[in-house]
Amino acid sequence: MTQMTSHAIRIDQHGGPEELKLVEVQVGEPGPGEIRIRHKAIGLNFIDVYQRSGLYPLPMPLQLGMEASGIVEAVGEGVTHLQPGDRAAYASQPPGSYCEVRVMPAKCVCKLPDAISFETGAAMMLKGLTAQYLLRRTQPQGGLKEGDFVLFHAAAGGVGLIACQWAKAMGLRLIGTAGSDEKCALAESLGAAFVINYAKEDFVARVKEITGGQGVKVVYDSVGRDTFDRSLDCLRPFGLMVSFGNASGPVAPFSPGILGPKGSLYVTRQTLFSHITTRESTQEMADDLFDMVASGKVKIRIGQRFALADVAAAHRALEARKTTGCTILTL
């Protein structure tokens with residue numbers, strides 16, 4: 001079997017960014033249902049922080065990273081949708097994208113259209129597919145219609161800026177929250193109908209003011225502990241609370257009994273990987289994302305670039321909420 005070496009980022013125990021180590025690993029040939037891919041760019045996501053810190057515990061040692069783009073070098077038995085030389089991008093389990101070359105399951109790897117660059121491909125797959133399943137697949141009772149209000153926390157983040165544009169293309173009125181005037185201005189420039197600086201304003205009061213006291217049909221919340229309880233108060237009767245992240249920490253336990261007096265609300269905890277369990281669903285979602293990006297309706301904003309060896313600094317910036325848009329690691 002052919003063996004090669006690759007630089008990779010690994011942790012040997014859960015902890016802070018200081019645990020991220022640059023190491024050399026052996027890379028072999030792909031087995032059945034696998035490919036070997038040489039990366040051109042790597043995406044950074046908050047799930048990487050959760051896995052590094054132990055919020056989402058995984059066996060050690062652990063090579064981090066859930067998203068990247070590159071060139072397919074080899075394919076294993078049974079892989080028919082990719083071939084050597086293909087441009088490709090993915091958001092996929094298991095972790096391991098923080099590297100130069102890897103062998104991985106082919107199921108969630110998609111051909112990257114020529115019109116989309118490697119950097120954009122690496123920046124958009126996990127975040128773009130997340131925006132896709134949130135706005136297209138995770139909808140309140142009766143669905144979402146043109147003119148409906150939705151609330152999106154962390155609107156200037158990687159997922160948020162994609163969602164602002166996607167919601168505008170759907171005719172939705174997205175109310176975006178962020179922690180600074182600069183981030184609010186960015187979200188507004190990319191399609192948010194209204195913005196709220198939660199460092200200065202009571203976002204519940206502003207949502208009620210914007211919606212004429214009615215509330216929104218759905219709240220999309222990746223912040224978690226700091227926003228969850230008050231987000232419930234932003235919903236109209238039968239509204240949907242969508243939790244899909246924990247940037248400020250996990251949501252505290254709560255009694256379902258509170259949902260009745262607040263308007264018979266619905267609550268769901270979503271994760272991308274439930275939506276991309278099959279090759280068919282992954283490709284369907286990716287095709288929708290590729291169409292939105294290629295058409296110009298959604299532009300992928302890369303706000304930060306770090307070298308692979310500087311990934312600890314990238315994690316610190318992400319955790320300190322000093323990033324806007326997408327962050328990538330370069331090779």
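The values are calculated or read from the model by the stated rules, or taken from the named source; none is laboratory data. Since the model is a prediction, treat every value here as computed from it, not as a measurement. FYI the Cβ positions are ideal-geometry reconstructions off the backbone, even for glycines, and counts take in every protein chain you see.
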Fill in: Cross-chain or 6+ apart pairs with Cβ under 6 Å, the range 306-331 first and without any contact (Cβ under 8 Å) to a residue 24 or more places away in the chain, then outside any strand (DSSP E or B)
A317/T323
Worksheet, complete the sentence: Taking the range 93-150 and the residues there that are over 18 Å from the mean Cα position of the chain (by Cα) and among the basic types (K, R), the one that is farthest from I35 (Cα to Cα) would be K145
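Select from the range 186-216 the residues that are assigned to a helix (DSSP H, G or I) and of a type in the set (A, V, I, L, M) and write down the one among them that is surrounded by the fewest Cβ atoms within 10 Å (Cβ to Cβ).
First pass over the range 186-216, keeping only residues assigned to a helix (DSSP H, G or I): 186-189, 203-210.
When the remaining residues are screened for being of a type in the set (A, V, I, L, M), the result is 186-187, 204-205, 207, 210.
Numbers: L186: 23, A187: 29, V204: 19, A205: 12, V207: 25, I210: 19.
Here the residue is A205.
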Item to complete: Would you mention how many residues in the range 278-299 are farther than 15 Å from R136 by Cβ, out of contact with any Lys or Arg (no Cβ under 8 Å at 6 or more places or on another chain) and in contact (Cβ under 8 Å) with a residue 12 or more places away in the chain?
Response: 2
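Condition check ((1) surrounded by fewer than 21 Cβ atoms within 10 Å (Cβ to Cβ); (2) within 14 Å of M285 (Cα to Cα); (3) assigned by TED's automatic domain parsing to the domain that holds S69) across all residues:
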site: S92; (1), (2), (3): no, yes, yes
site: G96; (1), (2), (3): yes, no, yes
site: E100; (1), (2), (3): yes, no, yes
site: P105; (1), (2), (3): yes, no, yes
site: C110; (1), (2), (3): no, yes, yes
site: I116; (1), (2), (3): yes, no, yes
site: T120; (1), (2), (3): no, no, yes
site: Q132; (1), (2), (3): no, yes, no
site: G143; (1), (2), (3): yes, no, no
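For the range 19-48, name all the residues that are in a helix (DSSP H, G or I) and modelled with pLDDT of 95 or more. Reasoning before the result, please.
Quick first cut of the range 19-48, residues in a helix (DSSP H, G or I) only: 19, 46-48.
Once the filter is applied, which keeps residues that are in a helix (DSSP H, G or I) and modelled with pLDDT of 95 or more, the range 19-48 yields E19, D48.
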Worksheet item: If you check R52 against the conditions, is it within 23 Å of G160 (Cα to Cα), outside the structural domain of G160 (by TED's automatic domain parsing) and either of a type outside the set (K, R) or modelled with pLDDT of 95 or more (or both)?
Response: yes
Worksheet item: Quick one: would you say V159 is touching a residue at least 12 places away in the same chain (Cβ under 8 Å), touching a strand residue (DSSP E or B) at 6+ places or on another chain (Cβ under 9 Å), more than 26 Å from A309 (Cα to Cα) and not assigned by TED's automatic domain parsing to the domain that holds V27?
Response: no
Worksheet entry | Positions within the range 117-159 being at pLDDT 95 or above, small (G, A, S) and assigned to a helix (DSSP H, G or I), in sequence order | G121, A122, A123, G128, A131
Discussion item. Out of the residues in the range 212-238 meeting the condition of being hydroxyl-bearing (S, T, Y) and more than 30 Å from G296 (Cβ to Cβ), tell me which one is nearest to the chain's Cα centre (by Cα).
Written reply: T227
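Please verify whether G65 is touching a Gly at 6+ places or on another chain (Cβ under 7 Å), buried (at least 20 other Cβ atoms within 10 Å of the Cβ) and not hydrophobic (A, V, I, L, M, F, W, C), treating the condition exactly as stated.
Taking the combined requirement at face value, the residue satisfies it.
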Discussion item. Take L318 and tell me if it is surrounded by 21 or more Cβ atoms within 10 Å (Cβ to Cβ), aliphatic (A, V, I, L, M) and more than 15 Å from the chain's Cα centre (by Cα).
Written reply: no
Fill in: Residue that is surrounded by the fewest Cβ atoms within 10 Å (Cβ to Cβ), among those in the range 229-251 that are at pLDDT 95 or above and either closer than 20 Å to S53 by Cβ or of a type in the set (F, W, Y) (or both)
F238
Worksheet entry | Of residues in the range 252-269 being surrounded by 16 or more Cβ atoms within 10 Å (Cβ to Cβ) and touching a strand residue (DSSP E or B) at 6+ places or on another chain (Cβ under 6 Å), the one nearest to S92 (Cα to Cα) | V267
Item to complete: Take the residues in the range 23-62 that are farther than 19 Å from V101 by Cβ and polar (S, T, N, Q), then tell me which one is surrounded by the fewest Cβ atoms within 10 Å (Cβ to Cβ).
Response: S53
